[in-house]
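Written out below as structure tokens is the structure these notes cover.
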Amino acid sequence: MPKIDIAALPVRSGSAYPSPFDAPCAGRTRRALGDAVGLDQFGVNLQKLAPGAWTSQRHWHTTEDEFVWVVSGEVVLVTDEGETVMGPGDCAGFKAGVPNGHHIQNRSDNEAVLLEIGTRDPDHDACDYPDIDMIAGPDGAYRHRDGTAYPED
């Protein structure tokens, strides 16, 4: 059935980042809307950010486009250009291969809800985290910039 029962979908909480980089994302949850209907060319997630939570560490992708739309709440988009306050109806996008590190922070006292849409290219995509000593390759493993792996928790 194409209609998605959002409330019935599993909730993924937090982040798979190694410690201590996972801490700012502890207050985020996601429901994989696209997975629920078998989409495999792009992903769609409904993300909720508790007050103080981040969507991710600041990052950019080599082969995956990203788009985010603010459904409710107020958030701050942080990019290489600076900070932009976003509210309901505001959206932003990030072209694959453009090295503009970005993430969204909820600095308000209320929950924020975002819709995230992005390309799926797990066999080729790599991710760079410009503010921290971390990169991720197509294997999904987080590594230091010198290539050594982070210990698994």
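Each reported figure results from applying straightforward, stated rules to the coordinates on display, with no laboratory input. All of these numbers come straight from a predicted model, not from anything done at the bench. Neighbour counts run over all protein chains shown; Cβ positions are idealised from the backbone, glycine included.
Points to keep in mind about this one:
- Unique match (being closer than 24 Å to residue 137 by Cα and of a type in the set (Asp, Glu)) among 83, 66, 74: 66
- Listed by position, the strands (runs of 3 or more DSSP E) inside the range 99-153 whose residues that are in contact with a Pro (Cβ under 9 Å, 6 or more places away or on another chain) number at least 3 form an empty set.
- Of all residues in the range 82-120, those satisfying the criterion of being among the acidic types (Asp, Glu) and in contact (Cβ under 8 Å) with a residue 12 or more places away in the chain are 90, 109, 111, 116.
- Any pair with Cβ under 8 angstrom, 6 or more apart, that starts in the range 16-43 at a residue that is farther than 24 Å from residue 108 by Cα and ends at one that is part of a loop (DSSP other than H, G, I, E, B) and basic (Lys, Arg): 40/120; 41/120; 42/120; 43/120
- The combined condition, being closer than 20 Å to residue 129 by Cβ and either among the β-branched types (Val, Ile, Thr) or assigned to a strand (DSSP E or B) (or both), is fulfilled by residue 68.
- Residue ID - surrounded by the fewest Cβ atoms within 10 Å (Cβ to Cβ), chosen from residues in the range 91-125 that are touching a strand residue (DSSP E or B) at 6+ places or on another chain (Cβ under 9 Å) and of a type in the set (D, E, K, R): 95
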